[in-house]
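Enquirer: One structure is given below, represented as structure tokens, and several questions about it will come after.
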């Protein structure tokens, strides 16, 4: 007798659009645009189309860090992409990122616009363009890139794996939660061991690797992702906690977290950013000095 609770894969998979779960309405097995919609263009050299998910936060943190160094050429317009409304499937966004994921950047600082998509590629593009937050020596550069790509390869297991099955799936099942919890904790242990001997992930200087990893794992440690801090016992990763708090205290990081944010306290939301003055006085008073 067949156990009806056991899923038996069909010979050919077909898409069930009503599969349930948070974000189910924006997931589909095909790419490409669904409607015509041009992207707006502001006055600054960089046009960012994003949302303050961890992947979006990486880029706004770097842009704010560059501006904090006095690099006026890093000025940017940040336009809100509401993924719940399907903005990422508009024709203009698909032209900027055929993968239809935020963030997407258009670099208009040169003779012709350059599209850059995938958050790690955007970080690397900006770091190399301005010569900041990327070591110039061969060993330091290799270490930074290794950790940057570690994040790009690891975070899908944290977000699409652990985060989905623990927080967003329509039903909770023991096997996927156990499987991805184990992997999330293994990744936190990798970081904790590295940070036991170094101030920052790639060594003793703050780099784009820290920005990329902090947006996911630092915010996880600080209790901002999936309501899972207690479940994952994040406080036990003491080196990660020290590092996460150090970066979180930076004023540029706090500003970067606000940009394109649509959730949380109203004073921490800046839906679009077109000028430094968009961070109003009330909000600025809540932001401290760089660590």
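The values are calculated or read from the model by the stated rules, or taken from the named source; none is laboratory data. Every value quoted in this text rests on a predicted model; they were computed, and no experiment measured them. A quick note on method: Cβ atoms are made from the backbone with ideal geometry, for glycine too, and the neighbour counts reach across all protein chains shown.
Enquirer: Just a yes or no: is a residue in the stretch 228-242 closer than 16 Å to residue 152 by Cβ, at pLDDT 95 or above and surrounded by 15 or more Cβ atoms within 10 Å (Cβ to Cβ)?
Expert: no
Enquirer: Need pairs with beta-carbon distance below 8 Å; first residue at positive phi and at pLDDT 95 or above and within the stretch 244-268, second crowded, with 17+ Cβ neighbours inside 10 Å and part of a helix (DSSP H, G or I); sequence gap 6+ or separate chains.
Expert: Partner pairs satisfying both residue conditions: 260/56; 260/60.
Enquirer: Sort out which residues of the stretch 1-51 are in a loop (DSSP other than H, G, I, E, B), touching a helix residue (DSSP H, G or I) at 6+ places or on another chain (Cβ under 7 Å) and at pLDDT 80 or above, and write them in order of number. Let's see the steps before the verdict.
Expert: The first filter runs over the stretch 1-51 and keeps only residues in a loop (DSSP other than H, G, I, E, B), leaving 1-23, 27-34, 36-45, 51.
Keeping just the survivors that are touching a helix residue (DSSP H, G or I) at 6+ places or on another chain (Cβ under 7 Å) gives 21-23, 32-34, 36-39, 45, 51.
Of everything in the stretch 1-51, those that are in a loop (DSSP other than H, G, I, E, B), touching a helix residue (DSSP H, G or I) at 6+ places or on another chain (Cβ under 7 Å) and at pLDDT 80 or above turn out to be 32, 33, 34, 36, 37, 38, 39, 45, 51.
Enquirer: Quick one: how many residues across the stretch 250-274 are outside any helix (DSSP H, G or I), out of contact with any strand residue (DSSP E or B) (no Cβ under 9 Å at 6 or more places or on another chain) and surrounded by fewer than 14 Cβ atoms within 10 Å (Cβ to Cβ)?
Expert: Looking only at that region, the number is 3.
Enquirer: Here are 180, 165: which of them is over 22 Å from residue 244 (Cβ atoms), modelled with pLDDT of 95 or more and surrounded by 20 or more Cβ atoms within 10 Å (Cβ to Cβ)? Give the derivation first.
Expert: On the way: 180 fails: over 22 Å from residue 244 (Cβ atoms).
Being over 22 Å from residue 244 (Cβ atoms), modelled with pLDDT of 95 or more and surrounded by 20 or more Cβ atoms within 10 Å (Cβ to Cβ) holds for just one of 180, 165, which is 165.
Enquirer: Filter the stretch 210-230 for residues that are touching a residue at least 40 places away in the same chain (Cβ under 8 Å) and closer than 19 Å to residue 168 by Cβ and give the result.
Expert: 215, 216, 217, 219, 220, 225, 226, 227, 228
Enquirer: Quick check on my filter: what residues within the stretch 95-129 are in contact with a helix residue (DSSP H, G or I) (Cβ under 6 Å, 6 or more places away or on another chain) and in a helix (DSSP H, G or I)?
Expert: 119, 120, 122, 123, 126, 127
Enquirer: Please enumerate the residues belonging to the stretch 89-130 that are over 28 Å from residue 214 (Cβ atoms) and out of contact with any strand residue (DSSP E or B) (no Cβ under 8 Å at 6 or more places or on another chain).
Expert: Those that are over 28 Å from residue 214 (Cβ atoms) and out of contact with any strand residue (DSSP E or B) (no Cβ under 8 Å at 6 or more places or on another chain): 92, 94, 110, 111, 112.
Enquirer: In the stretch 153-177, which residues are over 18 Å from the mean Cα position of the chain (by Cα) and assigned to a helix (DSSP H, G or I)?
Expert: Going residue by residue through the stretch 153-177, those that are over 18 Å from the mean Cα position of the chain (by Cα) are 165-166, 169-177.
Scanning the stretch 153-177 gives 165, 166, 174, 175, 176, 177.
Enquirer: Which members of the stretch 182-209 meet the condition of being in contact (Cβ under 8 Å) with a residue 60 or more places away in the chain and not in a loop (DSSP other than H, G, I, E, B)? Walk me through how you get there before you give the answer.
Expert: Within the stretch 182-209, the first condition is being in contact (Cβ under 8 Å) with a residue 60 or more places away in the chain, and the residues that meet it are 202-203, 205-209.
203, 208, 209, listed by residue number.
Enquirer: What about residue 53, is it buried (at least 18 other Cβ atoms within 10 Å of the Cβ), touching a strand residue (DSSP E or B) at 6+ places or on another chain (Cβ under 7 Å), closer than 22 Å to residue 214 by Cβ and touching a residue at least 24 places away in the same chain (Cβ under 8 Å)?
Expert: Spelling it out, it is not the case that residue 53 is buried (at least 18 other Cβ atoms within 10 Å of the Cβ), touching a strand residue (DSSP E or B) at 6+ places or on another chain (Cβ under 7 Å), closer than 22 Å to residue 214 by Cβ and touching a residue at least 24 places away in the same chain (Cβ under 8 Å).
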